[in-house]
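Encoded as structure tokens, the structure appears first; notes follow it.
The values are calculated or read from the model by the stated rules, or taken from the named source; none is laboratory data. The structure presented is a predicted model; accordingly, all values stated were derived computationally and were not measured. FYI the Cβ positions are ideal-geometry reconstructions off the backbone, even for glycines, and counts take in every protein chain you see. Note: areas computed on protein heavy atoms with side chains; ligands, DNA, RNA excluded. Shrake-Rupley method; radii C 1.70, N 1.55, O 1.52, S 1.80 Å.
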Amino acid sequence: MLLEKDLERTTLPAVQPGTQAVRQSIQRTLVLAVGDLAESAVAALQTEAIQQDGAVPPALAWVTLNLDQGPKSWEEAIRAKLLEISRLDNRSQLSRLGFELGRLDEVSLWITADLTMPANTPKDGAHSIPDGAWLVELATLCAELTAQTLNVTPAVAGLLLYDNSPGARKALEALDQRLQETECFNHGCYLLNILNQDSLALPDRATLAKKAGLLLYLLTATALQDIEDLGGFPPARQPRYASLGVHLIQWEPERLQAVLARERARDGLQSFLAEPQPEAITPLRARLESGLRRLGLAPILLMDVLVPEELRADWPYPGAPLPWNLADFPAQIRGRGEEWAKTLERYQAEGKLRVDRLFREKGPALDKVVQEAVSDKQEAGDGTPGMTANYLAESRIGWAAVRATITDWMIGLDEKAAAYEESLSSLRKAAQEAESKLTELIARFPAPSLLLVPKLMTRPWRWIPLYRLYQEIDSAGRRLWLLQAAVRENHLARWTAEIALALLEQLQARVEEREESLQAWRQALVKTQQALSAGEQAEPVDEIWKDSDFQARLTSRLESPNQGGHLALPYSPWEAPPPPEEMAAHLIDLTTRQFDFLSEMEVLEALGKRLIWLEERAEWLRAGLEMACPLWQVDPTRLDDFGRGEWREAEAFLRPESFSQADEEAWPGTERITQYNDRGRTDRLALVRVQSGVPLSALL
């Protein structure tokens, strides 16, 4: 590792913080790829170069070359690409994409080569190119074709990908030997190794290719193209090389949105499956009982409602008839009871219709009672109709409480009906005995005749006994009348209890249907939860955004009702549940829309929510610069005094144009780094470190 005193830190020209760039200057650039790693790097470059509308800046092009074909076959492809990036109408498209064409007197050529591929020679037939020399010949050919085709100065740079294998080292040494004799890379030669300056390795060759593609894009289509000159060759000296390292923070709200939406959907389903808190159940049941009583379903109220007015009428005792009519007195009392019984039979025949009519009235009202008792509205916090977790959970408890209450009432009514039946049997027996007593007393009263009045008139001592007998008959009639009334009352109460019981049985069946529907929803939600877990896949989210505290801070915004914090299913609990896959898709769509605010956030805002404290931000910057360690290995002991003087190192910070002085203060350490505006991009930050001026002899 180089000591601080051995390094000369170069400060590159940069924009002032907060400077707004109208368009990003871009130079005509052609990237040539040779070898598998180079082709992968160009593929990564193409991915990076695609703009938001899917277009690639027309000033940027690339071509893959095959060493087996030789230089002559390369000319046509290179010439065609040079003309493609130099078309006049490219300017309008570049302007639309936010670019402007710069450095018209120069074309940038990047030769990206894979030095890890086996040694090879082109099958041209005319001559043989020594190992490593093909790269020099390719650079020379590109420069000549550019000058001939476009009459401009070619700015040729090399980007060589290698590892510590003997073959790669041999190819690099062969190239270095040829570069002693020519300056074909007049804009520098960059080396990217799978090992960095700290002797830490990239995960694999694919990662090296992606890093190379990213660096190619940053060095050709952003303000970082200004740091190219660091890799130039000092005059009259042996070749010098450069290397870079990059650490990119990419804010991709769509990917994070997908992750958070799936997690919120899964957590939301768990809340749907959870039982309500015990402290919520007692007031819920109290509200239900009050509602049921208001509805008139309590047995005492229901029985009162069920008694027809015609049967409810009070019949006053008429008193004993005149003595000459006493013989018909028992029949008169019995007739009134038979008349009432016929009326009751008529109502009993209509009993089923009466129950059905009451059920049609009370059934929907019962739904309303339960819905009003449930504390949570059947909608999301933003007013979107739907079924909330609280509503579903409390509905399950509510309907269970209704079923328990109705069951208790039914048991009570059944017991009352049995008690009325037992009492009715006793009353009927007493009434029969009272009627026999009345008949016996009437039989003792003299039968009416034409001679009875004269006889009684001449025998006044019989008046008092007959008067007393008449009073006994009246008392016996009153007793029979009252017993008959009690029979009617008990008969009516028993019938009313049976009717109320029939109504409650129908309502109980409705309650059971509701409970079965809620249970079906519970089972469907369990299957939906399984479908969500089964459909889960690893989202390519940057590691920095996976922090649970950061994600919790984002999700906390949804607790506000105006953000739609309450998750609601867009269904009715009384409909058949849709298939689990369909419900999972609905949930993900719903929760995804809840996180739409992420797309409005810029990378600095998001990173600021991830890193709250200034100490955290300073540590992030330090760690980011470590991650951007240049991809090569230099042994400082192999540098002589002159070489140490030519050694250069620089750090660059690519950030949004809106980055201000206040942002510098909020992100300590950035003021010490050369800053560059990222044209029109608010979704990324890049830290780049460059080292240059190193001879091959100093490389490990």
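Express the Stokes-Einstein translational diffusion coefficient of the stretch 598-684 in µm² s⁻¹, to the nearest whole number, given a Kirkwood radius over alpha-carbon pairs, 10 °C and a viscosity of 1.306 mPa s. Let's see the in-between values first.
Details: Rh = 15.2 Å.
Stokes-Einstein gives a translational diffusion coefficient of 105 µm²/s.
Express as a percent, rounded to the nearest 5, the fraction of DSSP beta bridges in the stretch 553-700 (both residues included) that run antiparallel. Walk me through the intermediate numbers first.
On the way: 8 of 13 bridges.
DSSP beta bridges in the stretch 553-700 are roughly 60 percent antiparallel.
Could you let me know the centre-to-centre spacing of the stretch 613-643 and the stretch 183-220, using Cα atoms, in angstrom?
Distance between centres, Cα-based: 15 Å.
With every protein chain left in place, what is the accessible area per residue of the stretch 479-523 in square angstrom, probe 1.4 Å? Walk me through the numbers before you get to the answer.
Working: 1850 Å² over 45 residues.
Solvent-accessible surface per residue comes out at 41 Å².
Under a 1.4 Å probe, what is the accessible area of the stretch 575-700 per residue, stated in Å²?
Numbers: 5110 Å² over 126 residues.
So the stretch 575-700 comes to 41 Å² accessible per residue, rounded to a whole number.
What is the set of long-range amide H partners of residue 25 at a cut-off below 5 Å, with H atoms built 1.01 Å from backbone N?
100
What FRET efficiency, computed as 1/(1 + (r/R0)^6) with R0 = 35 Å and r the Cβ-Cβ distance, is obtained for residue 133 and residue 100, rounded to the nearest 0.05? Present the calculation step by step, with values, prior to reporting the outcome.
Numbers: r = 39 Å, r/R0 = 1.10.
Taking R0 as 35 Å, the efficiency between residue 133 and residue 100 is 0.35.
Sort out for me the Cα centre separation of the stretch 654-668 from the stretch 481-522, rounded to whole Å.
For the stretch 654-668 versus the stretch 481-522, the Cα centre distance is 76 Å.
Per residue of the stretch 25-33, in order, report the coupling 6.51 cos²θ - 1.76 cosθ + 1.60 (Karplus, θ = phi - 60°) as ³J(HN,Hα) in whole Hz, putting x for Gly and Pro.
Coupling constants for the stretch 25-33: 5, 9, 9, 4, 9, 10, 10, 10, 10 Hz.
For residue 387, what residues show an amide H to amide H distance below 5 Å, using hydrogens built from the backbone and excluding near sequence neighbours?
569, 571
Students often get this wrong, so check it: of 211/609; 170/211; 81/546; 342/368; 210/527; 362/527, which have C-alpha atoms separated by over 32 Å? Walk me through the numbers on the way to the answer.
Values: 211/609 27 Å; 170/211 23 Å; 81/546 42 Å; 342/368 38 Å; 210/527 40 Å; 362/527 35 Å.
Listed pairs above 32 Å: 81/546; 342/368; 210/527; 362/527.
Rounded to whole Hz and in sequence order, give me ³J(HN,Hα) for the stretch 258-272 from the Karplus expression 6.51 cos²θ - 1.76 cosθ + 1.60, θ = phi - 60°, writing x for Gly and Pro.
For the stretch 258-272, the Karplus-derived couplings read 5, 5, 5, 5, 5, 5, 5, 4, 5, 5, x, 5, 4, 5, 5 Hz, x marking Gly and Pro.
How much length, in nm to one decimal, is gained on full extension between residue 671 and residue 613, taken as 0.36 nm per residue of separation minus their Cα-Cα distance? Numbers along the way, then the final one.
Numbers: separation 58, 0.36 × 58 = 20.88 nm, distance 1.74 nm.
Additional length available on full extension: 19.1 nm.
Any idea how far apart residue 555 and residue 475 come out in nm if each label point goes 7 Å out from Cα toward Cβ?
It works out to 8.6 nm between the two label points.
R0 = 60 Å: FRET efficiency of residue 83 with residue 527, Cβ-based, nearest 0.05? Don't jump to the answer; show the numbers that get you there.
Details: r = 60 Å, r/R0 = 1.00.
After rounding, the FRET efficiency stands at 0.50.
For residue 622 and residue 274, what does the FRET efficiency come to when R0 = 45 Å and r is the distance between their Cβ atoms, rounded to the nearest 0.05?
Values: r = 44 Å, r/R0 = 0.97.
Result of the calculation: an efficiency of 0.55.
What are the ³J(HN,Hα) values, in whole Hz, obtained from phi via the Karplus relation 6.51 cos²θ - 1.76 cosθ + 1.60 with θ = phi - 60°, for each residue of the stretch 403-410 in sequence order, with x given for Gly and Pro?
Each residue's phi maps through the Karplus curve to give 4, 5, 5, 5, 4, 4, 5, 5 Hz.
If amide hydrogens are placed 1.01 Å from N in the peptide plane, which non-local residues have theirs closer than 5 Å to the one on residue 679?
Here the answer is 223, since their amide H atoms fall under 5 Å of that of residue 679.
Probe 1.4 Å, all protein chains in place: accessible area of residue 546 in Å², nearest 10?
100
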